[in-house]
Structure formats: structure tokens, C-alpha cells
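Notes for the one structure printed next.
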Amino acid sequence: MSNVTVCARFRPRSSKELRDHRDGVCVRGIDAETFVFQDDKEDELTFTLDGVFYEDAPQAAVYEFLALPIMRDAVNAINGTIITYGQTGAGKTYSMEGPGIQDCDDHNKGLLPRVVDGMFGQISSSKDIANYTVKLSMVEIYMEKVRDLLDLSKGNIQIKETKTQGILLSGVTEVPVSDSAEALQHLCAGLANRAVGETQMNMSSSRSHCAYLFTIQQDSVKDKRVKTGKLILVDLAGSEKADKTGAEGRVLEEAKTINKSLSALGNVINALTSGSSSKVNHIPYRDSKLTRILQDALGGNSRMALLCCCSPSTSNASETLSTLRFGMRAKHIKASPRASEVKIARSQEEPSSVTKDEKCGRILEKMKERMSNEDIKMLEEVLIHEGIISSLDSMDEVETAYEDIVSKTIQSLQQAVEELQLKVKKLETEKKGIKEKALRNDEPGLVGKMSSFISSWERSVIEEVNEE
Ligand SMILES: Nc1ncnc2c1ncn2[C@@H]1O[C@H](COP(=O)(O)OP(=O)(O)OP(=O)(O)O)[C@@H](O)[C@H]1O
């Protein structure tokens, strides 16, 4: 089990911060992993993360430590996710993209162009062992809608889940890219589309999440085996609290939606890190589009790196502290990424004797064995009503949704048992108290009456617990 890599990056102070808070720096570096942070009350807190990058850290250092190992694994079919998190203006986009995607000098290039260069570099040095196909998608999540940045006509991409491929963006544009220059060109086009959308919708990129998705498929030259790695880079919306932005009307609604999706991310991380291993812990991935897209990454089947971007200025100390706390929490997620399922290339595959209809039929049969027709109908209605699925076209969806319902049911039953156990404990304490009181009163016959009353009461409670 390897943990998520969590790093902090402090940008240089902006001219405004230098002007307004000349000496106000809330961070003192100790070494490459540890720093001391001074909060609003001037209390000193020591943080140790996997890495910390101070204001003079070059972009290359962030890439080599945080992204390079994940990129290498993705080319070897181990899924990876790299996320930048932090308040608006903390350096997320600078870290992710640099000052620009194309035509940027080598020194300032951000993680994204470096990942693209590194990925195609590695692919070209592995050409004798496998043929690679890389596909690129780019989406923006704004007000809980997923927009295709490579085709603006697709304004509401649906998220689906399949057993074999995990989370999928249904119908999203996937452009094949054969080298670094081609990939960067599409990324630039996507970013230009993002800017067009911003103007059309009168919004700012700091209020939406942007995800860059690479699918890297390798067909082994030797045995025609096919492996696929997914690499997702996410530049999150600003994490500042809605009330701090002083926003009103629609902008306030946007801020609340961003906060909702980022707190959904926090809740997922909390659920992943606080659940006892003996319990089936419900993870609320479905609470936001962001957590749903990141489900595979957060759920463990992916390597993950989180860059907590921070301002070093005292004026931003409280936001910086909440960014760092988020990072500390994420550090406790346990990840156990595995290489994607290996399958034989289609041309070599045995012709499948099972048609899709037959497969669906078998799944339905299996479900019918466990449930009555009425139950199945009710389940369908619940799934549609709860928005878990919109129709029952895909059997994969039905299966997943069924598992989701089962897991939710187990969780609520566990909760009910816990509540009943507490109730029993409370009643036992009360019983003890009543017994003691009766003994103290020492009335002939009363103790006998009380204890037979308590015994029958006890029996009825135990029966109630057993029934529930
Ligand atoms: N490490 C750094 N070195 C130099 N300049 C930086 C660094 N990080 C950020 N900056 C500068 O700080 C400003 C804000 O950074 P950036 O736009 O990346 O913030 P952000 O977190 O992406 O904000 P938003 O949420 O609005 O997108 C930019 O002018 C950027 O060039």
C-alpha cells in the first residue's frame, strides 16, 4: 500500500501582498519536507509533508518529484491522478500550465506540458516493445455540469461507470495524439474554448475545475496483449470560503457550488480515511461531479499526487491553513494501484460466444434469483428517482447501482444496530439505577415487583433488537 503523495508549494508574494503586508510571511522553511506555519493567532504549527517547494523552487523540481513517477507508471498502465488545490491566486494554474502551454520557455513550463513531453519521450524509447495509442480529452466542471472543452456543443457530459473500465465520461471527445506537439496544440485549443465559454457565461476560470485526461494504450509487440493506463491532471477551482469572496447573486451561487464540490471532495477523503476496516464504509462519490470523476483515483486504483498551492502571506494565513489541513487529511488515503486488466488484442481474441443481450439476460436472471419481481420493479423506481441512473439501458449501470444500494443498506443497518446497542446500554444503566433505588427503599415486596417488571421489560427490548 502506498500513500498519496502530498506536497505544498508556496509561491512568491504578489506585489499586492508585498505592498500591503511588507513583512508578513506565515511560513518558515525547515527542510525539503518540513516547515513551520504561523496562524492568525501567531501560534506556530509544524507541518511535514512528502515535499515542500518554497518560492524559488523551479517548475522542473515540482515536476520531477510529484508528476514524473506518476507519468511513468501511467505509460506502464497504472492509472495516475495529479491535482492542484488551493485558494484563488495561490499558483494552481501556474503550477499546472505555467505561463502558457505552447511557446513557453523551458524554465517556466508547468506540469502539464512537462507530463506531455515526458510521456511521449518514454513512449518513443519503448517503441520496440509496444505500440502506443494516446487519446486526449479535456473537460471543465462548472455549476455541476461537465463541459467538453474539445467540443463545446457537448455541454452536459454524463458520467458512467463500468465494471471493466471504471469511471467513464460518456460521449466525451477523445482525440488521438501521436506526439507532444500535437497534444499541446489540442490542449491549447481546449484552453481557448475554455476562455470562450468564460466570456459567454461571464465567469472566471478560477470558478471551474479543469481536467485533462490521457488514455495511454499499449499493444505489446511480442504477444499482442493490450494494457491501458489513464492519467488525469486536475486544476481545481479556488478553495476559498464563499463568505470570504464577498460575492452576491449568481457569483455567490457559483462560490457555493464550488465549495459544495470541494467539500464533497473533503467528505470523500474523510470517509476514505476515517472508516474502520471492519466496516463497509459508504463513500459519497455521487455527491458531486468532481468526486465522481475522481472516484477511481480516490478509491485506490490509481496513484495520486496532490499539490497544495499556498500564498506565503499572513493576509492569506487562514486559507493557507485550510489548504494545508486538506493536504494532511489526503495524506492518509491508502492507495493500492494495480495495472489495468490485461486483455488480448481483439484480432487475437477468441470470437465471443456471448452476445450483449445474453450477458444482460444472465445478470437479470442472477438478480431475479435474489429478488422478487416486485422488488426489482421497486429497485428500478428507486434508482431512477434517486438519480442514480436515468434509464436501465446499461446493465453495467444496473449492477453498479445495485451494489451501491446494497452498500448503503448495509451501512444504514449497521447504524441502526449501533443505535440499538446504545439504547440497550442506556436501558441497562437505568435498570441498575431503579434496582438500587428499590433496594434502598427496602419496601417488602417492592423489590420483587420491580425485578419481575424489569425482567419482562428487558425481554421485550431484546426481542425488539432481534426483530430489527
Ligand atoms: N511559483 C510561482 N512563481 C512565480 N509566480 C507565480 C508562482 N505561482 C503563482 N505565480 C503567479 O501568481 C499569480 C496567481 O497564480 P495562478 O493564476 O496560478 O493562481 P491560481 O491558483 O491558479 O488562481 P485561480 O484559482 O484564479 O486560477 C499569477 O500571476 C502567477 O504567475
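Quick note: the coordinates plus some simple rules give every number you see, no bench work behind them. Model, not experiment: these values are computed from the prediction. Positions of Cβ are generated from backbone atoms using ideal geometry, with glycine treated the same way; all protein chains shown enter the neighbour counts.
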### Message
Given an 8 Å cut-off on Cα distances and at least 6 residues of separation, report the relative contact order of the range 1-90 as a percent.
### Response
27
### Summary
Placing one equal point scatterer on each C-alpha of the range 88-149 and summing with Debye, one gets log10 I(q)/I(0) at q = 0.18, 0.19, 0.27 Å⁻¹ equal to -0.85, -0.90, -1.10
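Within 10 Å of each residue's Cβ, count the other Cβ atoms and sort Glu253, Glu319 from fewest upward.
Numbers: Glu253 13, Glu319 21.
In order of increasing Cβ crowding within 10 Å: Glu253, Glu319.
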### Task
Kindly put His186, His209 in sequence by how many other C-beta atoms sit within 10 Å of each C-beta, fewest to most.
His186, His209
### Task
Express as a percent, rounded to the nearest 5, the fraction of DSSP beta bridges in the range 100-218 (both residues included) that run antiparallel.
100
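How would you rank Val115, Val139, Val221, going from fewest to most other Cβ atoms within 10 Å of each one's own Cβ?
Numbers: Val115 24, Val139 28, Val221 13.
With the sparsest Cβ surroundings first, the list reads Val221, Val115, Val139.
Quick one: net charge of Glu428's neighbours, Cβ under 11 Å, K/R +1, D/E -1? Could you put the intermediate results ahead of the total?
Working: positive: Lys423, Lys425, Lys426, Lys431, Lys432, Lys435; negative: Glu430, Glu458.
Every neighbour counted, the sum reads +4.
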